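Comments concern the structure below.
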Amino acid sequence: MEKFRTFTGIVAPLDRPNVDTDAIIPKQFLKSIRRTGFGPNLFDQWRYLDEGQPGQDHSRRPLNPDFVLNQPRYRDAQILLARENFGCGSSREHAVWALADYGFKVIIAPSFADIFYNNCFKNGLLPIVLDADTVDRLFHAVAAREGYALTVDLAAQTLTTPDGEVIPFEIDAFRKHRLLEGLDDIALTLQHAGEIRAYEERRRREAPWLFAPVGK
Amino acid sequence: MSGRTLYDKLWDSHVVRDNGDGTALLYIDRHLVHEVTSPQAFEGLRLAGRRPWRPQANLATPDHNVPTTRRAEGISDPVSRLQVETLDANCREFGITEFTMDDPRQGIVHVIGPEEGFTLPGMTIVCGDSHTSTHGAFGALAFGIGTSEVEHVLATQCLVQKKSRAMRVTVAGHVGPGVTAKDIVLAIIGEIGTAGGTGYAIEFAGEAIQALSMEGRMTVCNMAIEAGARAGFIAVDDVTIDYVRGRPYAPTGELWERAVAAWRELHSDPDAVFDREVRLEAAAIEPQVTWGTSPEMVVPVSGRVPDPAQEPDPVKREGMEAALRYMALEPGTPVTDIRLDKVFIGSCTNSRIEDLRAAAQVVRGRRVADNIRLAMVVPGSGLVKRQAEAEGLDAVFREAGFEWREPGCSMCLAMNADRLEPGERCASTSNRNFEGRQGAGGRTHLVSPAMAAAAAVAGHFVDVREFGR
Ligand code: SF4
């Protein structure tokens, strides 16, 4: 996983509560054998006017001009501003894969569904919880100014607005460390590679049959 | 200090490090791979530039999507075909042994692991599939994992795990004739419920369990997950060791002797303490039939479809009413009055040679009833199929009017072309009777192979104990 660096990104507002994982990535796309490539189908039923199917040429589909991500001013957004209970519904990791593949790095909301929140960290996406009033204020600020961008500094745990206002946020130390170092669960386990090898050597002596290779 | 449970022994011998936060890094000896839950894991490896930690600890085979007819023509559904081809390509790229669709050893992952001796006592075994608990029959710690964990095991040969609590389910005494492993496990689930084992690892014990063959023990452990437990297992004894001896990947010579000595320790100590104990009397267990949409909705074949009006708990009552509506059954109907449209003998629960022998014994010299539109036997692996054919079982089934198919998951979950049509009612030897599991609108009754075979002949459920001979 890439290290999470300080960046300044355009904010796109998605002004509805309880956005569920089926809305984030509809179920017909779960048959995919890939972890990437879900970006074009992010919010599929809101983003396009037709019904999406796997394997289509999405560039030729009719866009819903009213959907926020289709508005030119939000096209390059890297921060999604959302309302409460974002990511509720099924546990599908595909929802996070789709947001990350689209290009989002941060999601700001007053609250997140539990499994979705956990899945974010497995995939380098930073979910930031802010109180509902602050989120509301941001919605107004984003609407009022085209090109509204926030600077996200994870190490300092702050957001900085274009006016220089600094908004602090909370995150647990263990997760912060993992994102900053770009450590995924696998990378974390691989930090103990020496211990794994030592275990293997000991077991190989005690119980060599466990290591018999599976041949053709 | 009290003695250790089998679970303690399996757990302790695989801890690489204690993380100090309630989790441990657990070493995984064996990993089974199939086409549905692995593609994103392999892609994850590729994106991160990682290689499998120990490629030869893995064994792959396609099973969920493979067709059970005209195998030589390949897979017609392009989405299914792509998943299988992707597995082939990933295994080639990462150096993982695969029994491809045309390999005579191909089959359901949980059938081929034990059959090959890939599954051995004392191991930790995982697979991106909840029925991995099957392998616990060998005195192994085996459980299902998600796609992220599949990638984690491939890359590190370890998993970060939290230890479960220990439960022992003792089935005391002996079952009567005509009562099988499937009936025992359905009775256990009926007793403790589908959430009864949540948070536990279950050890199955007692004379009735010890009296089972390895096939029967696998059937019991297979359905531990249906009782809510991620893992279920049984102590090692002579039956286990006799089964493993001579399997292709089993140890030989001096190594075999050493292994057997170690395996003899794989049982709970007499003074071991469990967090929960459940006891059933084997003699009271009859052949079982599920009537609803959850495996705990089960009654003896001599019983009747229950009446929700008798259920005091309102939540349970509503669940029963919904299940009866879906299943189109009236409360009070004798189980033996339930007429069927299809019969499916197969799945990782009941598709091994012993299962097929039991079913064949019932149908030998008889005919499938006229109201049965399709009765099919799907062997669990190519080797099971070959063995059955060598014993002439295929002919017994064919002459009775059954279809004899190629190995795979088939109608257990209807991911290939085998499925129920809306409203069709099926006697099935599989493990899940959820709504739509065997096809949208399909109605599933879970039973043993002998009960399924007898139902095919009668056209409705019958008590196999009173059936002819
Ligand atoms: S036979 Fe059924 S339960 Fe077993 S692995 Fe296949 S789909 Fe899953």
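Could you look at chain A and say what percent of its accessible area is carbon and sulfur, using a 1.4 Å probe and all protein chains? Kindly include the intermediate steps, with their values, before the conclusion.
Values: 4970 of 10180 Å².
Within chain A, the accessible surface is 49 percent carbon and sulfur.
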Exercise. Which of the peptides A:52-65, B:284-297, B:109-122, B:263-276 is most tightly packed, and how do the rest follow, judged by the mean count of other Cβ atoms within 10 Å per residue?
Worked result: B:109-122, B:284-297, B:263-276, A:52-65
Problem set entry | About the Cα centre, charge dipole magnitude for region B:255-296 (Lys/Arg +1, Asp/Glu -1 at Cβ), debye | 160
Problem set entry | Two-site label geometry, A:E170 and A:N118: point separation in nm, points 7 Å out along Cα→Cβ | 2.0
Exercise. Could you give the distance between the Cα centres of region B:116-193 and region B:65-96, to the whole Å?
Worked result: 27
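So what is the relative contact order for chain B, in percent, with contacts set as C-alpha pairs under 8 Å and at least six apart?
Details: 1105 pairs, mean separation 80.5, N = 469.
Reported relative contact order: 17 percent.
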For this session: Per DSSP H run of at least 4 residues, take -39500 (n - 2.57); add these up for chain B, divide by its residues and hand me the 222 nm value, nearest 500 deg cm²/dmol.
Result: -9000 deg cm²/dmol
Exercise. For region B:230-261 and region B:22-54, what is the separation of their Cα centres, given in Å?
Worked result: 26
Seminar exercise, completed: Against the 2.2 N^0.38 Å rule of thumb, the C-alpha Rg of region B:161-264 sits at a ratio of 1.18
Exercise. With the dipole of region A:6-211 worked out from charges on the C-beta (+1 for Lys and Arg, -1 for Asp and Glu) around the Cα centre, which of A:A155, A:L183, A:T21 lies farthest toward the positive end?
Worked result: A:L183
Problem set entry | Farthest positive-ward along region A:6-211 dipole, Cα basis, beta-carbon charges - from A:L80, A:V135, A:C120 | A:C120
Seminar exercise, completed: If the label point sits 7 Å along Cα→Cβ of A:A193, residues of region B:140-164 with amide N under 19 Å come out as B:151-160
Exercise. Just which residues of region A:3-52 lose 10 Å² or more accessible area with every protein chain there, against their chain alone, with the probe set to 1.4 Å?
Worked result: A:K31, A:S32, A:I33, A:R34, A:R35, A:T36
Exercise. Once label points are set 7 Å from the Cα along Cα→Cβ at both B:D102 and B:K162, what is their separation, rounded to one decimal in nm?
Worked result: 4.8
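Taking R0 as 30 Å, what FRET efficiency do you get between B:R51 and B:R276 from their Cβ-Cβ distance, rounded to the nearest 0.05? Walk me through the numbers on the way to the answer.
Values: r = 42 Å, r/R0 = 1.40.
Step by step, r from the Cβ atoms, then E = 0.10.
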Exercise. Averaged across the residues of A:202-213, what count of C-beta atoms belonging to other chains lies within 10 Å of each residue's C-beta?
Worked result: 6
For this session: Express in nm, to one decimal, how much length is gained between B:E93 and B:E318 on full extension, taking 0.36 nm for each residue of separation and deducting their alpha carbon distance.
Result: 75.9 nm
Seminar exercise, completed: The alpha-carbon pair-distance distribution computed for chain B, with 20 angstrom bins and whole-percent values, is 25, 58, 16, 0
Exercise. Dipole size in debye (nearest 20) for the protein assembly as shown around its Cα centre, Lys and Arg Cβ +1, Asp and Glu Cβ -1?
Worked result: 1100
Problem set entry | Spatially close lysines, pair count over chain A: Cα under 26 Å, gap of eight or more or interchain | 10
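For chain A, report the accessible area per residue in Å² (1.4 Å probe, heavy atoms, rounded to an integer).
Using a 1.4 Å probe on heavy atoms only, each residue of chain A averages 47 Å².
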Seminar exercise, completed: Given the candidates B:G146, B:G113, B:A166, the one whose Cα lies deepest towards the positive end of the charge dipole of region B:50-174, counting +1 at each Lys or Arg C-beta and -1 at each Asp or Glu C-beta, is B:A166
Exercise. Based on the Kirkwood radius over alpha-carbon pairs, what value in µm²/s does the Stokes-Einstein equation return for the translational diffusion coefficient of region A:6-211 at 10 °C and 1.306 mPa s?
Worked result: 85
Problem set entry | For residues of B:96-107, the mean tally of beta carbons on other chains within 10 Å | 1
Exercise. So, by mean Cβ neighbours within 10 angstrom, what's the order for B:383-390, A:167-174 with the highest one leading?
Worked result: B:383-390, A:167-174
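Treat every Asp and Glu Cβ in region A:6-211 as -1 and every Lys and Arg Cβ as +1, leave all other atoms uncharged, and give the resulting dipole magnitude about the Cα centre to the nearest 20 debye.
Numbers: 24 positive and 29 negative charges, 163 e Å.
Approximately 780 debye in magnitude.
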For this session: Enter the angle in degrees (range 0 to 90, nearest 10) between the Cα long axis of helix A:132-144 and the first principal axis of the Cα atoms of chain A, meaning the one along which they spread out most.
Result: 60
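Between A:E181 and A:D76, 0.36 nm times their residue separation minus their Cα-Cα distance comes to what? List each step's numbers first, then the result.
Numbers: separation 105, 0.36 × 105 = 37.80 nm, distance 2.54 nm.
Taking 0.36 nm per residue and subtracting the Cα distance, the gain is 35.3 nm.
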Exercise. Shape call for the protein assembly as shown from the C-alpha gyration tensor, a ≥ b ≥ c root eigenvalues: rounded (a/c under 1.5), prolate (a/b greater than b/c) or oblate?
Worked result: prolate
Exercise. Using a cut-off of 29 Å between alpha-carbon atoms, which lysines can reach B:K182, once sequence neighbours fewer than 8 places away in the same chain are excluded?
Worked result: B:K9, B:K163, B:K316, B:K342, B:K385
For this session: Note the direction-averaged projected area, equal to a quarter of the hull surface, for the Cα convex hull of region B:219-264, in nm².
Result: 3.9
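Which whole number gives the average, over all residues in B:115-123, of C-beta atoms from other chains lying within 10 Å of the residue C-beta? Spell out each step's value before the answer.
Details: counts 0, 1, 3, 2, 0, 4, 1, 3, 3.
What the average comes to for B:115-123 is 2.
The values are calculated or read from the model by the stated rules, or taken from the named source; none is laboratory data. The structure presented is a predicted model; accordingly, all values stated were derived computationally and were not measured. Cβ sites come from the backbone with ideal geometry, for glycine too, and all protein chains shown count toward neighbours. Surface accessibility is based on the protein's heavy atoms, side chains included, excluding ligands, DNA and RNA. Shrake-Rupley method; radii C 1.70, N 1.55, O 1.52, S 1.80 Å.
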